[in-house]
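Enquirer: Next up is a structure, given as structure tokens.
The values are calculated or read from the model by the stated rules, or taken from the named source; none is laboratory data. All values derive from a computational prediction rather than experimental measurement. Here the Cβ is made from the backbone with ideal geometry for all residues, glycine too, and neighbour counts use every protein chain on show. With ligands, DNA and RNA removed, areas are computed over all heavy atoms of the protein, side chains included. Shrake-Rupley method; radii C 1.70, N 1.55, O 1.52, S 1.80 Å.
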Amino acid sequence: MALILLVEDESDFSNLVRKSLEAEGHQVLQAFTGPDGLTLAMSNRPDLIILDWMLPGMDGLTVCRTLRQTLLTPILMMTARSDEIDRVLGLEVGADDYLVKPVSLRELTARVRATLRRVEMDSRGFNNPSAPGTTAFTNESSSKAAASVATHDAVIEIGELRLLPEERQVFIAGEELELTPKEYELLKLMASNPGRAFSREYLLENIWGYEYDGFDRTVDTHILRLRKKLGSLGDRVSTVWGVGYRFAREG
């Protein structure tokens with residue numbers, strides 16, 4: 001059961017979403033303008049924020065960018081904008097996920113459940129890709145079981161990249177990188193297992209906590225953004241066609 005802030009200016013749709021989430025057992029706060037959403041978020045510190053892009057008073061991108069200065073609360077952004085550049089922009093300012101309107105209540109509640117499940121696992125220290133029952137997909141024959149995935153609490157150093165798991169910090173040539181939680185988890189998983197290919201499905205299940213058709217765009221968009229932030233090292237995150245992504249070994 002979670003406290004969820006819904007920032008949506010279409011009152012009829014907002015009320016439908018509220019009733020659906022309350023039926024799941026959650027407490028829902030509603031805001032119908034950007035400034036009101038920002039105020040409620042800062043004063044109530046919800047477990048999850050569902051944020052519309054087009055809002056009166058202050059658009060959702062500005063609200064998201066402002067919240068990210070002080071809060072790590074998961075943010076699901078909703079918008080009628082479906083172009084890839086818009087999705088990238090929404091994720092760039094700090095949204096954790098992106099829903100294109102019209103949004104079905106079934107998909108929305110599924111995303112909410114998955115996000116809250118991931119937050120709960122993180123808070124209990126269960127965010128471990130090598131836990132029993134999880135499998136990494138490699139570019140070897142799909143019939144061959146993949147080796148267990150490595151996890152590291154020690155410092156990871158690959159070329160100019162230095163990742164400090166305990167501090168959740170990443171440095172390139174001594175300069176700290178500003179990564180979102182999902183970008184950090186993607187980089188840590190792949191850098192901990194250089195040369196291993198991970199399928200989009202595996203990354204969705206173990207980083208985001210869900211596995212539904214069409215959601216692999218979320219992985220692609222985050223990988224695109226991660227490559228950009230890594231600069232010259234971004235080429236190490238390579239696409240394995242028909243499989244997913246890998247972080248290249250040195251040399």
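Enquirer: Please specify each residue of region 96-109 satisfying the condition of being open to solvent by 10 Å² or more (accessible area, probe 1.4 Å) and either under 12 Å from residue 21 (Cβ atoms) or acidic (Asp, Glu) (or both).
Expert: Hits for region 96-109 are 96, 105, 107, 109.
Enquirer: Let me ask something additional. I need every pair where a residue in region 206-221 that is farther than 20 Å from residue 188 by Cα has its Cβ under 7 Å from the Cβ of a residue that is of a type in the set (Asp, Glu) and at pLDDT 60 or above, sequence separation at least 6 or different chains.
Expert: Cβ pairs passing all conditions: 211/201; 211/205.
Enquirer: Mind listing whichever residues of region 34-46 are surrounded by fewer than 19 Cβ atoms within 10 Å (Cβ to Cβ) and part of a loop (DSSP other than H, G, I, E, B)?
Expert: Of everything in region 34-46, just one residue is surrounded by fewer than 19 Cβ atoms within 10 Å (Cβ to Cβ) and part of a loop (DSSP other than H, G, I, E, B), namely 45.
Enquirer: Within region 87-127, how many residues turn out to be modelled with pLDDT under 80 and either over 16 Å from the mean Cα position of the chain (by Cα) or of a type in the set (Lys, Arg) (or both)?
Expert: Looking only at that region, the number is 6.
Enquirer: Something else about it: Every residue in region 160-176 that is within 21 Å of the chain's Cα centre (by Cα) and either farther than 18 Å from residue 248 by Cβ or loosely packed, with under 14 Cβ neighbours inside 10 Å (or both), please.
Expert: 164, 165, 166, 167, 168, 169, 171, 176
Enquirer: Looking only at region 13-41, how many residues end up being over 21 Å from residue 68 (Cβ atoms), without any contact (Cβ under 8 Å) to a residue 24 or more places away in the chain and not aromatic (Phe, Trp, Tyr)?
Expert: The number of residues fulfilling the criteria is 6.
Enquirer: Could we say that residue 56 is open to solvent by less than 40 Å² (accessible area, probe 1.4 Å) and in a loop (DSSP other than H, G, I, E, B) here?
Expert: No, not satisfied.
Enquirer: Of these, 13, 32, which one is modelled with pLDDT of 90 or more, aromatic (Phe, Trp, Tyr), in contact with a helix residue (DSSP H, G or I) (Cβ under 9 Å, 6 or more places away or on another chain) and over 21 Å from residue 116 (Cα atoms)?
Expert: Result of the check over 13, 32: 32.
Enquirer: Taking region 1-33 as the search range and keeping residues that are assigned to a helix (DSSP H, G or I) and within 22 Å of the chain's Cα centre (by Cα), which one is farthest from residue 102 (Cα to Cα)?
Expert: The qualifying residue farthest from residue 102 (Cα to Cα) is 21.
Enquirer: I need the full set of residues from region 177-197 which are within 16 Å of the chain's Cα centre (by Cα) and not hydroxyl-bearing (Ser, Thr, Tyr), in order please.
Expert: 178, 179, 181, 182, 183, 185, 186, 187, 188, 189, 190
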